[in-house]
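The values are calculated or read from the model by the stated rules, or taken from the named source; none is laboratory data. Nothing here was measured: the structure is a model prediction, and the numbers come from that model. Using ideal geometry, Cβ is built from the backbone for each residue, glycine included, and neighbour counts are taken over all protein chains shown. All accessible areas refer to the heavy atoms of the entire protein, side chains included, with ligands and DNA or RNA removed. Shrake-Rupley method; radii C 1.70, N 1.55, O 1.52, S 1.80 Å.
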Amino acid sequence: MKHTLLIASLVLLSLPTLAQKKPATTAKKPVASAVSATALTSGKKVYTQNCLTCHMADGGGVQNMNPPLSKTSYVLGDKTRLINVLLNGMEDQEIDGESYQNVMPAHDFLTDQQIADVLTYVRNSFGNKASAVQVGEVKTARAAKKK
Amino acid sequence: MKNTLTRLLLPTAAVAGSLALYALTPPARVVPDADNAGLKLPAGFGALVAAETGARARHLTVTPQGVVYVKLSRVKDGKGILTLHPTSTGKATIAGGFGGYGGTGMYNKDGYLYASSDEDVYRYKLDNKGEVTNPTQPEKIITGLINRKQHESKSVVLDNSGNIYVNVGAYSNSCQERDRRPGSMGMPNCPVLDSAGGIWQFKANKLNQKYGDGLRYATGLRNVVGLDWNQQDNKLFVMQHGRDQLHTLFPDKYTEKESAQFPAECMYALDKGDNAGWPYIYYNQEVNKKMMAPEYGGDGKKTVDDKYIDPAAAYPAHMAPNGLLFYTGSMFPEKYKNGAFIAFHGSWNRAPEPQKGYFVVFQPFKNGKPSGNWEVFADNFAGSPEKAASGRADHRPCGLAQGPDGSLYVSDDVKGTIYRIVYNKK
C-alpha cells in the first residue's frame, strides 16, 4: 500500500516536469503573438499608473472589491473580450464565481498601443503565460465598438 | 473496572452538563490561548479563538445571556446568521444558523435581534435565554434600500427611543460623471445623495418601511460600516470610509504619496440633519481642514470652512473602519470605560505605498467626546508586518461586540475567526 502511494506520488511529481517539456518542443514554430520585452516594459508603466491601485502590485486584486488578474478566465481567455473590458469598463460581473464591488471604469482614453502593451504585460505577469495582444487586435475591437 | 469508570464518569458528566448550562451565564474564568490567538495586545490582556466559522463573518452581537450571533456576508450551507454558544472556557460551539441571506448588519436590543441583507432589515424575537424564537419567520421592518454593489452593506444600530439607524452607502467613489474615471468631474448637486450616501432613521418595530417611511437622518457620508450609539451623550457615532484614488483620478494634482496619505478616515458624531460633505469635500488630518474635492474644483489646497460638520476624530487614510463599539463593560481597566474600539479592516488603496490597518484601535473618550490620542489595541490580525504591508492579510477584523462579562469579541471576514479578548490582570 505504502509502495503504491509512493509510486503514485512520484508519478504525480514528475507530471509537471513532463508538462513543462512539451511546450518547449512546440515553441520552435514561429509564434504570431510573441511577447516582446519592449511591450512588457511599456505595459508595466501603463499598469503602474492605471491599474495597480486596484489590482495591486502582485495582480492579486482585493477580495470582494477588485478582481485578481492572475490565472483568471477573463485575462487568459478570449483576447477580444479582454480588450473590451478596457474599452468599455466592467460592472456587476461575476468572475470565476466571485463578485466584486468596485466599478472598473472604461480605459478607452489609453491608446491602442498602450492597451496592447498593458494587456500583454498582464497576460505575462503574476504567474500568467499567454500570447501577446497586438495593436491591430485593439484597433479592430475599438472600430467594432464605434459601429 | 467498568463500574468504577461509570461511577467516576457519571458525576463528571453531570458536572460537565451543568457547566454547559452555566455557560450561558457569564463564565467564571475565560482562558486565553497560549499565543493569544496570534494577536498582539497590551499587558494584562489575553485573547482566544472563540470559534472558527470558516465563513465571511461580518458584524456580530452578543445577547445579555451570552449567545453570540454572527452575520455572514455570504450564505454558507444555507445560513446567513450563525448562533454561537460560549462554554465556560470561553470557546464557543457553533450551535446552528438561520437567515438564508448574506449581509453585514447585526445588533440586538431589548429582546430583539436585528439583521440586514444588502437591501432589507429583519428582526427576530429573542426568548429569555437569548435564543431566536422565529428563525424562519422574521419580521421584515425595512425594505427596498438601494444596492448597486459598490458600498452595498447595510449596518444597523438602535437608539433608546425605538429608532433604528441604517447606513446606505454611496454607489460611487466621489460622484464623478463617470465613476472612477481619471479626470471625470463631479456631478452637480450629486444625485446619489437622495437615496444613498447617508444614514436613514426608521422605527424599530414597524413592518415593511420604505425610504418614504424613514428619515434621512444625516447625509454626505460616503460609506459607513462601523457605527454605534454612544450612551453617554445619547448620540449616534459613525466611521466613514473616505474616498479613494486621489492620484489615479487626478495625477496632476496629487502625488502617489499624498493619495496614500489622504483623506482621513473620519469619526463623526451625528445630529439629525447633519451633512458631512461627501462628495464635495474630504478631510485632511495633517492640517485639520475640510478640503475641496478635485471633482468639484479642489486642487489639494483649497479648503471649505462652512456648511459641513467637522469630524469628531480623524485617522490615517484608507484603513477601512468596519466596526465601532463603545465599551461599557467593567472587565477592562477604567481607562477603557465609555471609550471607543474601532476595527480597521485594512487598506487596499495605498498602493504602491505599504498597506495599513488590519488592527483594532482604542480611542479614549471623556464626557462623550474623543479625548487624547488613539492607540493600536489589538494588532497582527494580518499574521506578520509583511502581510499587512502587502495587503495579503491572514485575517481582517470587521465586527466588534461586547460580551455580558465585558470581554470584547472581534470577527474576521477572511477566514471567519471569532476572537474573544479578555483582561486577566487582577
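Taking the DSSP bridge list for the protein assembly as shown and keeping only pairs wholly inside it, about 95 percent are antiparallel.
Computed from phi, the 3J(HN,Hα) profile of the range A:82-99 under the Karplus parametrisation 6.51, -1.76, 1.60 (θ = phi - 60°) reads 5, 4, 5, 4, 6, 6, 10, x, 8, 8, 6, 10, 6, 10, 6, x, 10, 10 Hz, with x in place of Gly and Pro. Only protein heavy atoms count here; on that basis, with a 1.4 Å probe, B:C398 has an accessible area of about 0 Å².
Considering only B:R148, B:R74, B:R222, the mean-square fluctuation computed in a Gaussian network model of chain B, springs between alpha carbons under 10 angstrom, is largest for B:R148. Subtracting the Cα-Cα distance of B:E353 and B:N205 from their residue separation scaled by 0.36 nm leaves 48.6 nm. Here the dipole of the range B:283-386 is about 280 debye; that uses its Cα centre as origin and unit charges on the Cβ of Lys and Arg (positive) and Asp and Glu (negative). The magnitude of the dipole of the range A:31-146, with charges of +1 and -1 set on the Cβ of Lys/Arg and Asp/Glu and taken from the Cα centre, is near 440 debye. I want the antiparallel fraction of DSSP beta bridges within the range B:36-423, as a percent rounded to 5. About 95 percent, rounded to the nearest 5. Checking the cross-link filter: which lysines have an alpha carbon closer than 18 Å to that of B:K335, excluding same-chain neighbours under 8 positions apart? Excluding near neighbours in sequence, the set is B:K366, B:K369, B:K425, B:K426. Listed by chain and number, the lysines placed with their C-alpha closer than 17 angstrom to that of B:K307 are B:K272, B:K289, B:K290; residues fewer than eight positions away on the same chain are left out. Computed over the range A:31-146, relative contact order equals 32 percent, with contacts defined as Cα pairs under 8 Å that lie 6+ residues apart.
Here the relative contact order of chain B, from alpha carbon pairs under 8 Å that lie six or more residues apart, stands at 15 percent. Along the range B:204-211 the Karplus relation, 6.51 cos²θ - 1.76 cosθ + 1.60 evaluated at θ = phi - 60°, assigns HN-Hα couplings of 6, 10, 9, 8, 6, 6, 10, 3 Hz to successive residues, with x for each Gly and Pro.
Extension gain, B:A95 to B:K129, is 10.9 nm, computed as 0.36 nm per intervening residue step minus the present C-alpha separation. For the pair the range B:143-197 / the range B:320-343, the C-alpha centres are spaced 27 Å from each other.
Helix B:2-22 axis versus longest C-alpha principal axis of chain B: approximately 30°, rounded to the nearest ten.
Once you have a ≥ b ≥ c as the square roots of the Cα gyration tensor eigenvalues for chain B, tell me rounded if a/c is under 1.5, and otherwise prolate or oblate according to whether a/b is larger than b/c. Prolate. Once the Kirkwood radius over Cα pairs is known for the protein assembly as shown, the Stokes-Einstein relation at 25 °C and 0.890 mPa s delivers a diffusion coefficient of 96 µm²/s. So how far, in whole Å, is the C-alpha centre of the range A:72-123 from the one of the range B:231-272? Each part reduced to its Cα centre gives a spacing of 29 Å. Whole-Hz Karplus values for the range B:37-49 come out as 6, x, 8, 9, 10, x, 4, x, 9, x, 9, 9, 7 Hz, taken residue by residue from phi with 6.51 cos²θ - 1.76 cosθ + 1.60 and θ = phi - 60°; glycine and proline positions read x. Taking a Cβ cut-off of under 14 Å around B:P352, the surrounding Lys, Arg, Asp and Glu residues balance to a net charge of +1, with basic ones at +1 and acidic ones at -1. Residues in the protein assembly as shown average 44 Å² of solvent-accessible surface per residue, probe 1.4 Å, ligands and nucleic acids excluded.
Would the range B:246-361 count as rounded, prolate or oblate if I go by the C-alpha gyration tensor, calling it rounded below 1.5 in a/c and otherwise prolate when a/b exceeds b/c, oblate otherwise? Here the range B:246-361 falls in the oblate category.
Taking a Cβ cut-off of under 14 Å around B:K79, the surrounding Lys, Arg, Asp and Glu residues balance to a net charge of +4, with basic ones at +1 and acidic ones at -1. Each residue was assigned an accessible area with a 1.4 Å probe, and for B:I94 the value is about 80 Å².
Taken about its Cα centre, chain B carries a charge dipole of about 780 debye when Lys and Arg each add +1 at the Cβ and Asp and Glu each add -1 at the Cβ.
The alpha carbon gyration tensor of the range B:297-426 gives principal lengths a ≥ b ≥ c with a/c of 1.5 or higher and a/b no greater than b/c, which makes the shape oblate. Over all other residues within a Cβ to Cβ distance under 11 Å of B:A57, the charged ones net out to +4, with Lys and Arg as +1 and Asp and Glu as -1.
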